[in-house]
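Following: one structure in structure tokens, then a few remarks.
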Number of protein chains: 2
Amino acid sequence: MPSQPVTVSSSNHLQSDIKDYSLPNASWSPVMVGLYNEFMEKTVDGSWTRLPGCWRSVQFLKEKDLARIAKAVPVQMIEDARLFLRIAEMERLGFEYVIFHNDSEKKCVCLFQPGPLLEGLPGIVHGGALGTMIDTTLFMTAYNSANAVFTGTMTITFKSPVILGSVVRLEAKVTGAEGRKVFLFCEAQSSDRTTLFAEASAIFFQMK
Amino acid sequence: MPSQPVTVSSSNHLQSDIKDYSLPNASWSPVMVGLYNEFMEKTVDGSWTRLPGCWRSVQFLKEKDLARIAKAVPVQMIEDARLFLRIAEMERLGFEYVIFHNDSEKKCVCLFQPGPLLEGLPGIVHGGALGTMIDTTLFMTAYNSANAVFTGTMTITFKSPVILGSVVRLEAKVTGAEGRKVFLFCEAQSSDRTTLFAEASAIFFQMK
């Protein structure tokens, strides 16, 4: 497991020598790779951007934002900490995912292949794991489109079970704002968008 | 991915040779051990029960329930699958937790020590990880007190950040029922119960 001291400086931020976990690997199914390629084509004209797959939030948070976040919550650098979703990256049996962002539409699409370490009921993805992926897709939308990083309230309605190893397509968008509050909505669907696995609404708060 | 149709046999279920992950270990802080001992004392008169810490749901689900669940969702046995919360048990840096159940009060208390692999913002527990622990505490309450296993809707309001390595005390209870619907509420507090980290309400569905 890669581990290195982290201090708040520009050296923490995404650099070419930090591995990007959002690139296709041997564990990705043909469906996952197909959707990835489809979205990569949409990045060519600049309308969509592939967000890098970091293993710590400190790598993708902008320095000025990190300082603002530290005013609101007791941010601290812990040497062996790691982004929750990268908890099983070595085995590629946990969260395999990539997030694309569309700035003008204030929207993100996440392609998610849940591995066998995310089990709840036998053979089914744990509600907490799907919830974590929903939360993260909402967070990336809130941060990149509305400068909001604090989750206030999140409501998830689970519609149908996700089978381990299948591909989930999550789409989140900003639906409104009021003061520091940002309202968002997210749908988690099957790769062909014929089955709705879950839908969620959330309120995030912008940094002061 | 190895996969086979579900076979329900006693060999899947909790046996003495299956390790119990809910027992204190060297990673537990004195506060965590103190609360654990406090609740263990409450088990003496039988009012509270310590739930075993399984690493797959198939180990704690009753055989007859597994068959009923399999009628509603595409349950399958995947050889290398593992309960999401046990994803990092080897390093003891993920979800360290124990759940106690009070049958007469239809309530569960979960003692949770989130390790450094559950990071969201730097040094802070990921909302998805806290949400997963809330979901699991609600699930154990719904299953053990009301025979409900399917999460319908869950709403979480995050009140204050949880620092990695601290101890969280979650308490969930059944608040009502209507047909197959079971209503639950959960609070996640600091170990001394002076800080509210999050509160959640949920609707679970009973098995047919």
Name the residue that is nearest to residue B:45 (Cα to Cα), counting only residues in the stretch B:86-99 that are buried (at least 24 other Cβ atoms within 10 Å of the Cβ) and in contact (Cβ under 8 Å) with a residue 60 or more places away in the chain. B:99
Name, by its number, the condition in (1) in a loop (DSSP other than H, G, I, E, B); (2) open to solvent by 20 Å² or more (accessible area, probe 1.4 Å); (3) at pLDDT below 95 that does not hold for residue B:71. (1)
Just give me the residues in the stretch B:184-208 being under 21 Å from residue B:48 (Cα atoms) and either outside any strand (DSSP E or B) or open to solvent by 20 Å² or more (accessible area, probe 1.4 Å) (or both), in sequence order. B:185, B:187, B:189, B:191, B:192, B:193
Return the pair list, or none, for Cβ contacts closer than 7 Å from residues in the stretch B:163-175 that are closer than 18 Å to residue B:203 by Cβ to residues that are of a type in the set (Lys, Arg) and part of a loop (DSSP other than H, G, I, E, B), at least 6 apart or on different chains. B:173/B:106; B:174/B:106
Output the number of the condition that residue B:106 fails; it satisfies all remaining conditions of (1) farther than 18 Å from residue B:166 by Cβ; (2) buried (at least 24 other Cβ atoms within 10 Å of the Cβ). (2)
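For the subset of the stretch A:138-161 comprising residues that are over 11 Å from residue A:205 (Cβ atoms) and among the hydroxyl-bearing types (Ser, Thr, Tyr), which member is farthest from the chain's Cα centre (by Cα)?
Residues of the stretch A:138-161 that are over 11 Å from residue A:205 (Cβ atoms), as a first pass: A:138-141, A:143-145, A:154-161.
Pick out the ones that are also among the hydroxyl-bearing types (Ser, Thr, Tyr) and you get A:141, A:143, A:145, A:155, A:157, A:160.
Numbers: A:141: 9, A:143: 11, A:145: 14, A:155: 17, A:157: 19, A:160: 21 Å.
By that ranking, first place goes to A:160.
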Could you figure out which of (1) among the acidic types (Asp, Glu); (2) open to solvent by less than 20 Å² (accessible area, probe 1.4 Å); (3) under 30 Å from residue B:81 (Cβ atoms); (4) outside any strand (DSSP E or B) isn't true of residue A:65? (3)
Please go through the stretch B:163-191 and give me each residue that is away from chain A (no Cβ under 14 Å) and among the hydroxyl-bearing types (Ser, Thr, Tyr), ordered by number. B:175, B:191
The condition from (1) at pLDDT below 90; (2) closer than 23 Å to residue A:164 by Cβ that residue B:92 misses is numbered (2)
Kindly provide the set of residues from the stretch A:86-119 that are among the polar types (S, T, N, Q) and either touching a helix residue (DSSP H, G or I) at 6+ places or on another chain (Cβ under 9 Å) or within 7 Å of chain B (Cβ to nearest Cβ) (or both), ordered by number. A:102, A:113
Inside the stretch B:147-162, can you point out the residues that are outside any strand (DSSP E or B) and at the interface with chain A (Cβ under 7 Å from one of its Cβ atoms)? B:161
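I need the full set of residues from the stretch A:28-51 which are in contact with a Gly (Cβ under 9 Å, 6 or more places away or on another chain) and either basic (Lys, Arg) or modelled with pLDDT under 95 (or both), in order please.
none
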If you take the residues in the stretch A:120-146 that are more than 8 Å from chain B (Cβ to nearest Cβ), buried (at least 24 other Cβ atoms within 10 Å of the Cβ) and of a type in the set (S, T, N, Q), which one is farthest from residue A:162 (Cα to Cα)? A:141
Selected residue [among the small types (Gly, Ala, Ser), surrounded by 13 or more Cβ atoms within 10 Å (Cβ to Cβ), at pLDDT below 95 and in contact with a His (Cβ under 9 Å, 6 or more places away or on another chain)] from A:57, A:22: A:57
Could you grab me the full set of residues in the stretch B:70-85 that are at the interface with chain A (Cβ under 7 Å from one of its Cβ atoms), in contact (Cβ under 8 Å) with a residue 40 or more places away in the chain and over 18 Å from the mean Cα position of the chain (by Cα)? B:73, B:75, B:76, B:77, B:78, B:80
When you look at residue B:117, is it outside any loop (DSSP other than H, G, I, E, B), crowded, with 24+ Cβ neighbours inside 10 Å and within 14 Å of the chain's Cα centre (by Cα), yes or no? no
Here the residues within the stretch B:40-62 that are in a strand (DSSP E or B) and either β-branched (Val, Ile, Thr) or on the phi > 0 side of the Ramachandran plot (or both) are B:49
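The values are calculated or read from the model by the stated rules, or taken from the named source; none is laboratory data. If you're wondering where the values come from, they're calculated on a predicted model, not measured in any experiment. Note that each Cβ is placed from the backbone with ideal geometry, even for glycine, and that neighbours are counted across all protein chains shown. SASA here: full protein model, heavy atoms, side chains in, ligands and nucleic acids out. Shrake-Rupley method; radii C 1.70, N 1.55, O 1.52, S 1.80 Å.
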